[in-house]
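Remarks on the structure that follows.
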Amino acid sequence: MLVGLGSHWAILRDESGWSEGQRTLQEFTGKVCGGRRRESMEIVINHPILVFVLTFVGLWASSRAGALFRMRHGDLTGEERDDLGMILGATLTLLGLIIGFSFSMAISRYDQRKNYEEAEANAIGTEYVRADLLPAETAEKVRDLLRSYVDERVSFYKTRRAEDLKSVNERTAQLQGALWKAATEQAGSDETAMKALVVAGMNDVLNSQGYTQAAWWNRIPPGAWGMMWIIAIFCNGMLGYYVRPAKQYWMRLMVMPLIVSVSFLLIADIDSPRRGIIKVVPQNLLSLQGSLK
């Protein structure tokens, strides 16, 4: 195996030069390592409780590290304390602003998911009524398909496991194909304004599902989470270095990590559509599901 790798590397060096082979190796390594880091980050932010635990442990450890660094190198002088206090205040302000902006991003995405759930229920309900414009046999077929389609859309909101979600998406795609076929076949044989209205309504039904899926994919970027963690770790490290030792010193160092961890937990919970406690309840789809039965 080593001989084969050596031969391959020799050919690469002879044909493209040493710099070209080195650049190719660096690009490949960057893609692999970057992909793994991104997957690990996504696993963490998809579990709000894990975000809370890791954030609290990491921030408390950084606070203790700052305190131990101060104990080893001695206490700060008056001027040094003033300078560090100014830097610490500015850094904490920056952290607070970033947490506020991230919370606003999570809330806007949550509201977007709620709005698309309402729009999807309205599109399906409207198309169910427009089915009366089709011949009786085709209309009944479309209604049956729409009732099954609503059941799958409700399951989409309630499903948490990836395997179950994959099955729901497959059944949804099959129903979409059957619905479109039923609507367009009749419209093709009898092109009237009424039939075109049915086709347009069916197009809205299919598009609304795509908008909903896009909204569920729209999350706070992992890079933003990484920046928040880095700034929070530096803030708590400086805080541990800045705070004077006193009674219950180590307990006081837990206050800031706890507050920041709870903030991160809330942001991750709102931003996670399936794993969090705060989820979009498909109340409009549930109401429509009950009215169609």
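Scan SER291, SER287 and give me the residue that is within 19 Å of THR212 (Cα to Cα), surrounded by fewer than 20 Cβ atoms within 10 Å (Cβ to Cβ) and out of contact with any helix residue (DSSP H, G or I) (no Cβ under 6 Å at 6 or more places or on another chain).
That would be SER287, the only listed residue that is within 19 Å of THR212 (Cα to Cα), surrounded by fewer than 20 Cβ atoms within 10 Å (Cβ to Cβ) and out of contact with any helix residue (DSSP H, G or I) (no Cβ under 6 Å at 6 or more places or on another chain).
Residue-by-condition table, conditions (1) of a type outside the set (Ser, Thr, Tyr); (2) at pLDDT below 90; (3) surrounded by fewer than 19 Cβ atoms within 10 Å (Cβ to Cβ):
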residue	(1), (2), (3)
GLY177	yes, no, yes
TRP180	yes, no, yes
THR184	no, yes, yes
TRP225	yes, no, no
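Just to be sure I understand the filter: pairs with C-beta atoms under 6 Å, separated by 6 or more residues or on different chains, first member in the stretch 87-102 and farther than 18 Å from THR55 by Cα and at pLDDT 90 or above, second member β-branched (Val, Ile, Thr) and exposed (fewer than 12 other Cβ atoms within 10 Å of the Cβ). Which pairs pass?
Sorted first by the residue in the stretch 87-102, then by its partner, the list stays empty.
Of the residues ALA119, ALA90, which single one is among the aliphatic types (A, V, I, L, M), under 26 Å from SER287 (Cα atoms) and part of a helix (DSSP H, G or I)?
Criteria check complete, one pass: ALA119.
Select from the stretch 123-163 the residues that are closer than 13 Å to THR212 by Cα and not hydrophobic (A, V, I, L, M, F, W, C) and write down the one among them that is surrounded by the fewest Cβ atoms within 10 Å (Cβ to Cβ).
TYR157
Among (1) surrounded by fewer than 20 Cβ atoms within 10 Å (Cβ to Cβ); (2) touching a helix residue (DSSP H, G or I) at 6+ places or on another chain (Cβ under 9 Å), which single condition is ILE267 missing?
Of (1) surrounded by fewer than 20 Cβ atoms within 10 Å (Cβ to Cβ); (2) touching a helix residue (DSSP H, G or I) at 6+ places or on another chain (Cβ under 9 Å), only one is false for ILE267: (1).
Would you confirm whether any residue within the stretch 132-155 is outside any helix (DSSP H, G or I) and closer than 26 Å to ARG274 by Cβ?
no
Any residue at all in the stretch 59-70 that's among the charged types (D, E, K, R), in contact (Cβ under 8 Å) with a residue 12 or more places away in the chain and assigned to a helix (DSSP H, G or I)?
yes
Of the residues LEU239, LEU286, which is over 15 Å from LEU95 (Cα atoms) and over 21 Å from the mean Cα position of the chain (by Cα)?
LEU286
Being under 22 Å from PRO282 (Cα atoms) and either in contact with a helix residue (DSSP H, G or I) (Cβ under 9 Å, 6 or more places away or on another chain) or surrounded by 13 or more Cβ atoms within 10 Å (Cβ to Cβ) (or both) is the filter here; which residues of the stretch 93-110 pass it?
MET105, ALA106, ILE107, ARG109, TYR110
Being surrounded by fewer than 14 Cβ atoms within 10 Å (Cβ to Cβ) and in contact (Cβ under 8 Å) with a residue 40 or more places away in the chain: is that true of ARG219 here?
no
The values are calculated or read from the model by the stated rules, or taken from the named source; none is laboratory data. Everything quoted here is computed from the prediction, not taken from an experiment. Using ideal geometry, Cβ is built from the backbone for each residue, glycine included, and neighbour counts are taken over all protein chains shown.
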